[in-house]
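Working notes, structure below.
Please treat every number below as a calculation from the coordinates, not as lab data. These numbers come from a predicted model, not from an experiment. Counting neighbours? That spans all protein chains shown, and the Cβs are built from the backbone with ideal geometry, glycine included.
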Amino acid sequence: MPIVRKNQLENLEKMSPEELAEFLSALPMGQESLELMFDYIEDVLDVTGCDHTLGITMQYVMFKGLDFPSITSWLQANGGYCDCEVIARILPAWNKFFHSDESE
């Protein structure tokens, strides 16, 4: 029977400080870079809508010279199979944990 890997973002609140540090160090890009990518995807989606691919993500990653396979693998492991899912599924979980003290 295969081992089912739980969405890491769903478990952030349960992580110990050591586990959180390990999670952050294993991200495919820095935390600030990831947040800039979320901002870019959100901005472009507002204008173009989603074509149900990771095309906007790919544009950003390629422009920045980042590792597309590792980033898309991480996004997909956390429920982001297309650009709109990155914003609808990953960004809220990310903001809930990392920006919960900020007012919207």
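Are there cysteines in the chain with no second cysteine's Cβ under 4.7 Å away, and if so, which?
Within the chain, the cysteines lacking a partner Cβ under 4.7 Å are C82.
Can you work out the Karplus-derived ³J(HN,Hα) for every residue in segment 10-19? Use 6.51 cos²θ - 1.76 cosθ + 1.60 with θ = phi - 60°, whole Hz, and x for glycine or proline.
Values, residue by residue: 5, 10, 4, 5, 8, 6, 6, x, 5, 5 Hz.
For the chain, set up a GNM with springs between Cα atoms under 10 Å and report which of F23, F63, F38 has the largest fluctuation.
The residue that fluctuates most here is F63.
May I ask you to evaluate 6.51 cos²θ - 1.76 cosθ + 1.60, the Karplus curve with θ = phi - 60°, for each residue of segment 80-86 and list the ³J(HN,Hα) values in order in whole Hz, giving x for glycine and proline?
x, 8, 8, 4, 5, 6, 4
In µm²/s, what is D for segment 30-98 at 10 °C and 1.306 mPa s, where D = kT/(6 pi eta Rh) by Stokes-Einstein and Rh is the Kirkwood radius from Cα pairs?
So the translational diffusion coefficient is about 134 µm²/s.
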